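For reference, the structure discussed in these notes is given below.
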Amino acid sequence: MASEAGRRGGPLRPVAARTPRLLVVLALALTLIVACGSDDGAAPTSTANGSTTAAAATAGAEAERAVRVVEVAEGELRATRRASVTVRPSRESRVASGASGRVDELLVREGEVVQAGQALVRLDAAALNRQVENAELALGQARINLQRARSQAADGVAQAEAGVRAAQGNLSVAQRQLDEAEALLDIGAVAAADVQALRAQRDQAQSAALQAADALARAGRVEQEELALLELQVRQAEIQLRQARDAVADAVVRSPFVGEVAELLVEAGEFVGAGSPVARVLGLDAQLASFAVPPEDVAALEATGRISIEYAGQSLSATVTRTERSAQQSRLVTVIATLDPAAPRLPGGAVAEMRYEILVASGALLPSSALSAEGGRTFVFRVDTDEARSVARRTEVRVVGESGNQAVVTAVEEGALPLGARVVAPRPLDVRDNTRVRVIEVVTAP
């Protein structure tokens, strides 16, 4: 038998192993016989799990899609935004040297608080002191020259005045002699040649008088011009002396205000020129915080007036003071805020974070999951109930503002989305216009 089974293709299977398969085949055949034997007018029969053929018949009817809806409500959509903040002092000065020279001594250390006028750096003033001495000598010489010129001018004028008086006296004598001779000439008591000689003497006396008057005038002009020039030289020497003394004073570089020495820019022994910065001083007044925001957020920040800055776990309050617009950065506006004086001081240049809240829009508020986009248009599916049937109606809307998972919308057709209307949210992909729906949950828009 074994060899016969092997020739037929394999070992014989036991009868018990074939029994379950036979039972399944018999059960299927019985089911087909029963189904074929039933006519169309027979009453529905129950199946093994209790369902009826009537339920199977209703399965072909239109199914209702279970959906969740949200009621449209009026609300405000706000958004919280962040900005990077740079903290800086309200006053900062790169203190420059007013004189040229070698750095002799550093009088402060970095991080030290200094008072207004306190010395920061001292330059070697030996050369500057020599310049002061030279200026003093130049001023003394100018004053001596002026005094000497005044004395000489006074003597010259006196001599010129004496010459004028002598010339006028000679002219008077010559004129009198001429008059007497002319009177005697009429009676023949004097020769005509003598009268002619006296007339020539009178003319010479007139010329001498005119020359003496001109000399007196020249002496006066010379006195005025020379004295004015020498007075200018004296004033110039005085200015040079004052500048030399100022240079000596500038050899000590001082703080312009109360502040903190942030940085020393020179070392002892270095040479600095006039106008070169030697130290950087930060004011101790209230610090400023600057940050950049979009232009549309500026009005909200200015209206709020107060902001909060987070730095190293600290929350610092600040007041918005002004805005700065830059042509190079037209997409952002720099906002300047002043930290409260009582707030802890932050390191200059510290970077902090600022959060602020703005009103994006107000109106019909819906979750973003209720919105559907198609062909560049936006729709929501409003649930309408008619004759005990609920149907989803596609309604076109415009998005006024959106932030996070919320949006403010307005219906394109007026009155198409009133307050309290029910909108499918979230919208299943198989829910389309006029789809029958069954509401399983109703929530109010946040």
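Details
- Spacing of the two label points (7 Å from each Cα toward its C-beta) at S84 and A300, in nm: 2.2
- Those trypsin sites (Lys or Arg not before Pro) in region 331-427 that DSSP places in a loop and that have at most 16 other beta carbons within 10 Å: R331, R345
- Region 126-249: C-alpha gyration tensor shape, a/c 1.5 cut-off, then a/b vs b/c: prolate
- Computed from label points 7 Å out along Cα-Cβ, the spacing between A312 and A213 is 9.3 nm.
- Taking region 111-153 and a reference point 7 angstrom along Cα→Cβ of E226, the backbone N atoms nearer than 19 Å belong to 141-153.
- Cα centroid separation, region 349-400 to region 238-292 (Å): 60
- Amide H partners (placed H, <5 Å) of V439, local residues excluded: V67
- Sequentially through region 251-264, phi angles give Karplus couplings (6.51, -1.76, 1.60; θ = phi - 60°) of 5, 10, 7, 10, 6, x, 7, 5, x, 10, 6, 7, 7, 9 Hz, Gly and Pro residues having no value and appearing as x.
- Charge tally around D297: other residues with Cβ under 13 Å, Lys/Arg +1 each, Asp/Glu -1 each, net +2.
- Proximity of backbone amide H atoms, modeled 1.01 Å from N, is registered between A421 and V72 at under 5 Å, excluding neighbours fewer than 5 places apart on the same chain.
- In a fully extended conformation the segment linking T321 and A350 would gain 8.5 nm over its present Cα-Cα distance, using 0.36 nm per residue.
- Proxy reagent accessibility, fewest Cβ within 10 Å first, across F257, F381: F257, F381
- Lys/Arg +1, Asp/Glu -1 at C-beta; region 126-249 dipole; positive extreme among S172, G188, A142: A142
- Note on D186 and A200: the model spin-label points, each 7 Å out from Cα along the C-beta direction, lie 2.6 nm apart.
- Annotation: extensible slack from E136 through R94 equals 11.8 nm (criterion: 0.36 nm per residue apart, minus Cα-Cα distance).
- Between S368 and S276, the C-beta separation translates, for a Förster distance of 45 Å, into a calculated FRET efficiency of about 0.15.
- By the beta-carbon count within 10 Å of each Cβ, the least crowded to most crowded order of I144, I440, I307, fewest first, is I440, I144, I307.
Every read-out reported here was derived from the displayed coordinates using simple, explicitly stated rules and does not represent laboratory data. Predicted, not measured: the structure shown is a model, and the values here were computed from it. Backbone-built Cβ (ideal geometry, glycine too); neighbour counts: all protein chains shown.
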